Amino acid sequence: MPSKVIQNKEQKKEKLLEAAFFLFTRKDINEVSISEIAREAGIAKGTFYLYFKDKYDLRDFLIFTHSKKILEKAIEALDQSQILSFEDSVIFIISDIERQLQQQPLLLTFIKYNLPLALFSSHLSSSIKDDRYSLKHLFVERANQSGYRFENPEAVLFMILELTTSVFYQTMIHQIPCSFAEIRPSFYQAIRAILSIGHPEKA
C-alpha cells in the first residue's frame, strides 16, 4: 500500500493536471501563468516545480497522457473486434478516435494537431515513462501479416495521424472547409489511398 507521503504527492500532481487542463482549455497558454495554475490547484507555486519545469512541460505532459488514452482505447476496441485485415484495422482505429473526439470537443480543442506527440515526440518531460510504441508495433505487425511493405512504416503512420488530427480539428471545431460529416467519405478514402502505397500488388 502506498505511503501517505506518496499518496499526497500523487494527489497534488493530479490537482495540478486538472487545474492546468481547465485553464488551458479556456485560455491561450500564453495567458496562463504558473501562479494561476497553482492557485487553481490549491497548492503553493513552489510545489509546481517539483513536478514540471514550466507550463509548456506541463502542457506537453497533458497532451501526451490524453492522446495516449485515446490511442489505447482505440486499440482496445480493435482487440475486441473481429477485424484482421490491415487496412480495415487502421480505418477502425481512426474511426474510434473520431468517435472519442466527437464526444469530447473540449479535449480536441486542447490537443489540436498534437495527437502524434504520444508516439513520436522526443522532447517530452522526463517524468513520462510509458511505452509509446504499442500502436507503432501494431501498425507494422499487421502490415507485415497482410503483406504490405512500406519503405518507412513509422513515417506512414505519422502522416496518417497528422492528417487525422488536422482534419478532425479543422472540420469538427472550426467547420473548415466544411463539417466533418461532409468531408468524412473523402477523408477515409484518403487514408486508404495512403495505405495502398504499400499494398502487396504494388510492393
| task | For the range 26-42, state whether one or more residues are in contact (Cβ under 8 Å) with a residue 40 or more places away in the chain and aliphatic (A, V, I, L, M). | result | no
| query | So TYR113 clears everything in (1) modelled with pLDDT of 95 or more; (2) hydroxyl-bearing (Ser, Thr, Tyr); (3) in a loop (DSSP other than H, G, I, E, B) except one condition, right? Which one? | reply | (1)
| request: Pull up the range 40-59, narrow it to residues that are closer than 17 Å to PHE110 by Cβ and under 23 Å from the mean Cα position of the chain (by Cα), then point me to the one that is surrounded by the most Cβ atoms within 10 Å (Cβ to Cβ). | output: LEU58
| Which ones in the range 180-203 are assigned to a loop (DSSP other than H, G, I, E, B) and among the aliphatic types (A, V, I, L, M)? | ALA203
| If we scan the range 170-179, do we find a residue that is touching a helix residue (DSSP H, G or I) at 6+ places or on another chain (Cβ under 8 Å), under 30 Å from GLY147 (Cα atoms) and in a helix (DSSP H, G or I)? | no
| query | Looking only at the range 143-159, which residues are within 21 Å of the chain's Cα centre (by Cα) and either outside the structural domain of GLU87 (by TED's automatic domain parsing) or surrounded by 13 or more Cβ atoms within 10 Å (Cβ to Cβ) (or both)? | reply | PRO153, GLU154, VAL156, LEU157, PHE158, MET159
| request: Answer yes or no: is there a residue in the range 32-39 that is of a type in the set (Asp, Glu), more than 22 Å from the chain's Cα centre (by Cα) and surrounded by 12 or more Cβ atoms within 10 Å (Cβ to Cβ). | output: yes
| request: Could you figure out which of (1) assigned to a helix (DSSP H, G or I); (2) exposed (fewer than 12 other Cβ atoms within 10 Å of the Cβ) isn't true of LEU16? | output: (2)
| Every residue from the range 66-94 that is of a type outside the set (Asp, Glu) and either without any contact (Cβ under 8 Å) to a residue 12 or more places away in the chain or not in a helix (DSSP H, G or I) (or both) | LYS69, GLN80, SER81, GLN82, ILE83, LEU84, SER85
| said: I'd like to know if the range 153-172 contains one or more residues that are of a type in the set (Gly, Ala, Ser) and modelled with pLDDT under 95. | reply: yes
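Against the definition (part of a helix (DSSP H, G or I), modelled with pLDDT of 95 or more and either among the aromatic types (Phe, Trp, Tyr) or in contact with a Phe, Trp or Tyr (Cβ under 8 Å, 6 or more places away or on another chain) (or both)), how does ILE97 come out, yes or no?
Answer is yes for this residue.
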| What is the residue count in the range 146-169 for residues that are in contact (Cβ under 8 Å) with a residue 60 or more places away in the chain and in a helix (DSSP H, G or I)? | 4
| query | Does the range 31-38 contain any residue that is in a helix (DSSP H, G or I) and of a type in the set (D, E, K, R)? | reply | yes
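The values are calculated or read from the model by the stated rules, or taken from the named source; none is laboratory data. Quantities reported herein were computed from a predicted structural model and do not represent experimental measurements. Here Cβ is always computed from backbone atoms with ideal geometry, including for glycine, and neighbour counts include all displayed protein chains.
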